[in-house]
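Report on one structure; see the data block that follows.
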Amino acid sequence: MNQIKKKRPPIQKNNSENSVHSVKKTRCLVPLLLDWFATNARDLPWRRTRDPYAIWVSEIMLQQTQVKTVMPYWARWMRELPTIESAAAASPDKIHKLWEGLGYYTRARNLQKAAQEIVKGGKRKVESGNAEFPHTFKEVLALPGIGRYTAGAICSIAFNQPTPILDGNVIRVLTRVFGIAENPKENKTNRLLWKLAEKLVGRALRCPPYQNRCSRLNQSLMELGALVCTPRNPQCLICPIKKECVAFRKNRIDELPNLGKREKATARRFIAFVVERDGKFLVRQRPAGIVNAHFWEFPNVEMVNGNSNPKLAAKTIFGIEPAKLEHFHTLKHSITRYRITLDAFQVQLKNHGNISDGIWRTHSQLQRLAFSSAHKKILTKLGGAQK
């Protein structure tokens with residue numbers, strides 16, 4: 001006889017007056033989180049400093065990027081540009097080269113713009129050379145490239161201020177712990193989550209015996225989401241706050257957070273051409289105001305309307321039909337909702353003199369330029385083929 005599954009009731013919809021958001025629950029969560037973080041926090045290099053500049057750089061790099069990816073980039077950046085002044089004075093080429101491969105390159109340009117603003121408005125000496133990093137949430141939030149989350153993270157971690165944070169990890173933890181069934185992207189729910197985050201970090205300020213309690217509390221929420229309360233296969237049995245977690249108690253972990261239907265990915269295809277002349281290769285710099293602005297790349301074109309003819313694409317770019325065309329490499333990568341296929345071809349042209357757009361450089365010279373991520377992989381593949 002087939003067993004009839006009992007339909008589970010939906011999690012109760014919440015509002016700020018709901019009992020699950022009580023002061024008692026907040027008071028209980030904070031010491032549990034602080035105790036857990038004290039013994040389980042990863043030893044990350046930016047956690048060994050209170051320098052707001054170093055913490056700021058880490059937070060910008062960590063936006064939409066994994067910790068293991070960021071670590072070597074952060075170390076290299078801090079070695080090359082150890083102060084706000086050095087970041088402000090660096091050439092755009094150096095900024096781009098240090099960020100090469102990290103993606104979302106507007107982050108790097110905004111970071112330098114913000115550094116230049118700080119240097120221009122600096123009045124007295126503090127931790128980072130002669131320029132003073134702003135100390136108030138309002139001032140930090142006003143800097144280019146810094147939103148509410150990043151400003152809250154910097155002020156709490158560097159200055160131990162009770163400023164809330166709300167990123168993907170924290171949203172996941174809070175929606176599960178408090179049983180919030182509504183989509184966190186909706187304004188009302190988002191405001192509720194910010195209010196909860198504010199209550200927690202505010203409570204931490206009054207929770208001895210730990211030092212830097214606001215810093216530790218916010219980092220504990222991020223760390224818990226990264227290590228335990230993960231999107232898939234969360235480690236609920238070792239979670240320090242499972243007894244307070246509504247989703248765990250009601251067996252709803254897989255349903256929260258409720259992010260709605262994921263937008264369908266859009267497929268895009270590009271063709272890139274590796275053109276060689278006398279041991280040098282043709283590359284072009286992307287103009288300002290577009291994705292990957294100022295980064296270098298091999299000549300390429302997007303294939304649209306069903307067109308997939310590489311010879312025709314080469315003629316479109318160079319104005320002449322190629323004498324020879326040979327497939328070299330295929331790359332697949334994702335940018336936001338786009339799933340991109342990039343086919344690279346080695347091409348021989350009848351007349352290089354017709355090419356006026358771009359520069360010719362040897363492979364070793366190209367290594368010193370900053371390439372967008374996909375084209376950097378073509379360059380690396382090209383270096384291997386030449387050995």
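Among the residues of segment 217-231, those that are buried (at least 24 other Cβ atoms within 10 Å of the Cβ) and under 16 Å from N160 (Cβ atoms) comprise L217, N218, S220, L221.
Identify, please: which residue in segment 141-150 is aliphatic (A, V, I, L, M) and not in a helix (DSSP H, G or I) and is, among those, surrounded by the fewest Cβ atoms within 10 Å (Cβ to Cβ)?
First, the residues of segment 141-150 that are aliphatic (A, V, I, L, M): 141-143, 146.
Subsequent filtering for residues that are not in a helix (DSSP H, G or I) retains 142-143, 146.
Values: A142: 13, L143: 20, I146: 22.
Only one residue fits best here, namely A142.
Looking only at residues of segment 43-79 that are surrounded by 14 or more Cβ atoms within 10 Å (Cβ to Cβ) and charged (D, E, K, R), we find that the one that is nearest to N212 (Cα to Cα) is R50.
Of the listed requirements (1) assigned to a helix (DSSP H, G or I); (2) over 17 Å from the mean Cα position of the chain (by Cα), E132 misses just one: (1). Screening the candidates K68, K120, K138, K113 for the property of being at pLDDT below 95, assigned by TED's automatic domain parsing to the domain that holds D167 and assigned to a helix (DSSP H, G or I) yields one hit, K120. Checked against the criteria, E100 counts as within 19 Å of Q367 (Cβ to Cβ), touching a strand residue (DSSP E or B) at 6+ places or on another chain (Cβ under 8 Å) and either among the acidic types (D, E) or surrounded by fewer than 16 Cβ atoms within 10 Å (Cβ to Cβ) (or both).
Residues of segment 175-195 that are crowded, with 24+ Cβ neighbours inside 10 Å and under 24 Å from the mean Cα position of the chain (by Cα): T175, R176. The one condition from (1) under 31 Å from the mean Cα position of the chain (by Cα); (2) surrounded by 11 or more Cβ atoms within 10 Å (Cβ to Cβ) that V304 does not meet is (2).
Would you check if there is a residue in segment 61-73 being touching a Ser or Thr at 6+ places or on another chain (Cβ under 6 Å) and under 25 Å from S372 (Cα atoms)? No, the conditions are met nowhere in segment 61-73.
Yes/no per residue for (1) buried (at least 19 other Cβ atoms within 10 Å of the Cβ); (2) out of contact with any Pro (no Cβ under 8 Å at 6 or more places or on another chain):
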residue: P240; (1), (2): yes, yes
residue: F248; (1), (2): yes, yes
residue: W296; (1), (2): yes, yes
residue: P299; (1), (2): yes, yes
residue: S308; (1), (2): no, yes
residue: F318; (1), (2): yes, no
residue: L331; (1), (2): no, yes
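Does L34 satisfy the condition of being surrounded by 13 or more Cβ atoms within 10 Å (Cβ to Cβ), touching a Phe, Trp or Tyr at 6+ places or on another chain (Cβ under 6 Å), at pLDDT 95 or above and closer than 30 Å to G202 by Cβ? Walk me through it before giving the result.
Details: surrounded by 13 or more Cβ atoms within 10 Å (Cβ to Cβ): yes; touching a Phe, Trp or Tyr at 6+ places or on another chain (Cβ under 6 Å): yes; at pLDDT 95 or above: yes; closer than 30 Å to G202 by Cβ: yes.
Yes: the conditions hold for L34.
Pairs linking a residue in segment 38-58 that is under 13 Å from M78 (Cα atoms) to a residue that is acidic (D, E) and not in a loop (DSSP other than H, G, I, E, B), with Cβ atoms under 9 Å and 6 or more positions apart or on different chains, are W46/E59.
Considering only residues that are over 27 Å from Q64 (Cα atoms) and surrounded by 20 or more Cβ atoms within 10 Å (Cβ to Cβ), look in segment 334-375 and name the one that is farthest from the chain's Cα centre (by Cα).
Within segment 334-375, the match that is farthest from the chain's Cα centre (by Cα) is L349.
The values are calculated or read from the model by the stated rules, or taken from the named source; none is laboratory data. Given the structure is predicted, the values throughout are model-derived calculations rather than measurements. For neighbour counting, all protein chains shown are included, and Cβ atoms are generated from backbone atoms with ideal geometry for every residue, glycine included.
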